[in-house]
Structure formats: structure tokens, C-alpha cells
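The values are calculated or read from the model by the stated rules, or taken from the named source; none is laboratory data. Quick caveat, the model's predicted, so the values are computed rather than measured. Quick reminder, even Gly has a Cβ in these numbers, built from the backbone with ideal geometry, and neighbours come from all protein chains shown.
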Amino acid sequence: MAEDLGTSPDDVQFRFRDDEVADHAAVTVDAVHDQSNATAVRIEPGDDARALVPLLDRLALVEVNFPSFGDGRGYSSARILREAGYAGELRAVGDVGIDQLSHMRRCGFDAFAPDTPLDEADAARAFATWDNVYQRTIDARPTIAQLRHRGQ
């Protein structure tokens with residue numbers, strides 16, 4: 001079952017990518033514009049992910065920090081970046097819990113580095129929880145409404 005959850009480099013518990021693992025982000029959103037060699041950045045709550053859009057072609061890793069379970073701003077950051085065309089690794093870090101995994105994945109996260117390791121069996125169930133969805137996101141899964149209208 002663990003192989004279904006992706007690889008586990010360093011503190012990344014789940015990774016759904018086949019490319020080389022990017023180094024950890026050490027550059028802030030404010031600093032990345034001044035550092036032309038930076039390929040990894042970390043978004044903190046309150047940072048505007050849109051500031052990264054002009055740099056997406058050079059970024060291999062964007063870490064999005066979730067300092068507390070109730071802080072959902074990182075979901076918006078992920079969706080903004082994916083909708084802008086970001087194809088690199090998008091890693092959720094921090095206070096990441098089981099019940100957030102499927103929603104984070106739908107917003108575009110493809111790597112997860114929770115502060116506290118998660119039970120792999122619980123995580124596998126969480127990633128597979130919702131067969132049908134109501135909202136469109138970047139994962140391109142058809143919504144329930146789209147599925148209903150396919151037969152008409």
C-alpha cells in the first residue's frame with residue numbers, strides 16, 4: 001500500500017511525482033525576485049502566490065506552509081499557481097492532517113511533508129475518499145453535474 005502513496009525523500013512523507021526530488025525551499029517570496037539562481041521558494045500565510053507567476057518556469061519546488069490546521073490560505077496559493085501553469089513540485093508542509101489530504105491533492109499539491117508523520121493506511125484511504133466531486137479544480141476530474149449531463 002505504501003507504494004501507492006509515492007516516494008518519501010527526507011521529510012516528505014508522500015510524493016506523487018516521478019521527477020528528481022527538489023531541494024528544500026530556503027528562499028522567501030520576497031527574496032526570490034532578487035535571487036536569479038533560486039529554484040525553490042516557500043510561501044508563508046499572507047504571501048501572495050501571484051507574485052511568483054512571472055517566475056514559474058524557473059521554479060522546481062514551491063513549498064506552502066500550513067502553520068496551523070485551521071489556516072487554509074495555502075489551498076488558494078496552490079490553486080493560483082496550478083491555474084497559472086506551474087508544473088513543478090508543490091509541497092504542503094507543516095500542520096497537515098489526514099482529513100486535508102484529498103482536498104490538498106485536488107488543489108494541486110503533489111507532495112506532503114507533515115510536521116507529524118501520518119499513518120500510511122489512513123492516508124491511503126484519505127487520498128481515495130471521494131470518487132465523485134461537486135466542484136471543479138485543477139485536477140480535471142469531472143464534477144457530478146458533468147457526469148449527469150454526459151448521457152444526454
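The table for this structure:
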read-out: Evaluation of residue 12 against (1) outside any loop (DSSP other than H, G, I, E, B); (2) crowded, with 19+ Cβ neighbours inside 10 Å; (3) of a type in the set (Val, Ile, Thr) (one fails), failing number; value: (1)
read-out: Sole residue being modelled with pLDDT of 90 or more and more than 16 Å from the chain's Cα centre (by Cα), chosen from 30, 4, 19; value: 30
read-out: Hits in the range 95-106 - residues which are assigned to a helix (DSSP H, G or I) and in contact with a Ser or Thr (Cβ under 6 Å, 6 or more places away or on another chain); value: 102, 106
read-out: Unmet criterion (only one of (1) part of a loop (DSSP other than H, G, I, E, B); (2) surrounded by fewer than 21 Cβ atoms within 10 Å (Cβ to Cβ)) for residue 86; value: (2)
read-out: Qualifying residues in the range 112-152 (those that are over 14 Å from residue 101 (Cβ atoms) and in contact with a Ser or Thr (Cβ under 9 Å, 6 or more places away or on another chain)) - the one modelled with the lowest pLDDT; value: 134
read-out: The lone exception for residue 62 - which of (1) surrounded by 15 or more Cβ atoms within 10 Å (Cβ to Cβ); (2) in a loop (DSSP other than H, G, I, E, B) it fails; value: (2)
read-out: Residues satisfying the stated conditions in the range 34-51, i.e. over 15 Å from the mean Cα position of the chain (by Cα) and surrounded by 14 or more Cβ atoms within 10 Å (Cβ to Cβ); value: 38, 39, 47, 51
read-out: Pick from the range 104-132, criterion farther than 22 Å from residue 22 by Cβ and touching a residue at least 40 places away in the same chain (Cβ under 8 Å), ranking: surrounded by the fewest Cβ atoms within 10 Å (Cβ to Cβ); value: 121
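A quick yes/no check of all residues on (1) of a type in the set (A, V, I, L, M); (2) touching a residue at least 40 places away in the same chain (Cβ under 8 Å); (3) within 20 Å of residue 117 (Cβ to Cβ):
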{"site": "15", "(1), (2), (3)": "no, yes, yes"}
{"site": "23", "(1), (2), (3)": "no, no, no"}
{"site": "26", "(1), (2), (3)": "yes, no, no"}
{"site": "33", "(1), (2), (3)": "no, no, no"}
{"site": "48", "(1), (2), (3)": "no, no, no"}
{"site": "60", "(1), (2), (3)": "yes, no, no"}
{"site": "75", "(1), (2), (3)": "no, no, no"}
{"site": "80", "(1), (2), (3)": "yes, no, no"}
